[in-house]
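Beneath this line is the structure, given in structure tokens, with notes to follow.
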Amino acid sequence: MHILEFPCDVTRLDNGNTLITDAGDREGNRSKVIEVTRSGEVVWCYDQELKFAHSAKRLDNGNTLIADTTNNRVI
């Protein structure tokens, strides 16, 4: 189960799913990017060493660009 703590960015994808960037708690812990279906099923999740993920964009090639703010990086 994925509980959202601080959703910062939400995008409806061309396939009808929703891409949600969750910054996590006040320290950025449990930050993640998830893709969910219209019924709320999580079909994709990235949460590896994220610290206050701020936004995510699905690129034309299918990759996902993630701004990981506190880690000062783009994935």
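The values are calculated or read from the model by the stated rules, or taken from the named source; none is laboratory data. The structure presented is a predicted model; accordingly, all values stated were derived computationally and were not measured. Glycine gets a Cβ as well: all are built from the backbone with ideal geometry, and neighbour counts include every protein chain shown. Quick note on the areas: whole protein, heavy atoms, side chains included, nothing else; ligands and nucleic acids left out. Shrake-Rupley method; radii C 1.70, N 1.55, O 1.52, S 1.80 Å.
The range 8-75: which GluC sites (Glu not before Pro) are DSSP loop and have at most 11 other beta-carbon atoms within 10 angstrom?
GLU27, GLU41, GLU49
On a 1.4 Å probe surface of the protein chains, which of PHE52, PHE6 comes out largest in accessible area, and what is the full order?
Descending accessible area places them as PHE6, PHE52.
Provide the per-residue ³J(HN,Hα) series for the range 8-17, in order, calculated from phi with Karplus coefficients 6.51, -1.76, 1.60 and θ = phi - 60°, each as a whole number of Hz, with x at glycine and proline positions.
Working through the residues one at a time gives 10, 9, 9, 9, 7, 8, 4, 7, x, 6 Hz.
Keeping every protein chain present and rolling a 1.4 Å probe, give me the accessible area per residue for the chain in Å².
On a per-residue basis, 65 Å².
For VAL42, what charge total do you get from the other residues with a beta carbon under 12 Å from its beta carbon, if Lys and Arg give +1 and Asp and Glu give -1?
-3
Which of rounded, prolate, oblate describes the range 13-58, given a ≥ b ≥ c as roots of the alpha-carbon gyration tensor eigenvalues and a/c under 1.5 marking rounded, otherwise prolate only if a/b is larger than b/c?
prolate
Rounding to the nearest 20 debye, state how big the charge dipole of the chain is about its Cα centre with +1 on each Lys and Arg Cβ and -1 on each Asp and Glu Cβ.
100 debye
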